[in-house]
Amino acid sequence: MALNFVVSYRSAGKTYACKEKGIKAFIRDNTTQWILLRRYESELLTKDEFLTDISKQFPDYDMKVNGFKMMIRHRVKQQKDEDGNNVYIDCVTGEKASDSERWECMGFLLSLSTYQNYKGTSFDNVGMILFDEFIKEE
């Protein structure tokens, strides 16, 4: 297992670049999940907005945070079928889809301070852990 440390000044794009790498890995093989790890749960208070900025870079996918899971699916568009009924079409495959189906977990938002909540939990498909904001600001 490789360890990479990315240290730079604030707003240099470190978190964004790691999010991009994690999302691309999951899209590529549909199994490689990733974890964003912070020191304290209070640092995850804005977790619902975590994917907002990067989702624009992946226009064929919908992304959301559901609890502490980062979810992704192929974007679906609504259109009328030959009988005038609303149907959903998968923007990636072109197949019919349900508006609520196909959400998959691509990763997790976790904190070190609550690790005991995850003791015994298997994260078999996790291929990358991003320990974000690990240097305490003075």
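Residues in region 93-125 that are of a type in the set (S, T, N, Q), modelled with pLDDT of 75 or more and either out of contact with any strand residue (DSSP E or B) (no Cβ under 9 Å at 6 or more places or on another chain) or part of a strand (DSSP E or B) (or both): S111, T121, S122.
Any idea which residue in region 72-94 is nearest to the chain's Cα centre (by Cα), counting only those that are among the acidic types (D, E) and more than 20 Å from D29 (Cβ to Cβ)? Result: D81. A residue that is surrounded by 10 or more Cβ atoms within 10 Å (Cβ to Cβ), within 21 Å of Y118 (Cα to Cα) and modelled with pLDDT under 85 cannot be found anywhere in region 72-92.
Cβ-Cβ contacts under 7 Å between residues 6 or more apart (or on different chains), taken from a first residue in region 12-24 that is farther than 16 Å from Y61 by Cβ to a second residue that is modelled with pLDDT under 80 and in a loop (DSSP other than H, G, I, E, B), are listed as K14/V6; K14/S8; T15/D132.
The values are calculated or read from the model by the stated rules, or taken from the named source; none is laboratory data. As the structure is a prediction and not an experimental result, all values here were calculated from the model. Heads up, the Cβs are rebuilt from the backbone with ideal geometry, glycines too, and the neighbour counts pull from every protein chain shown.
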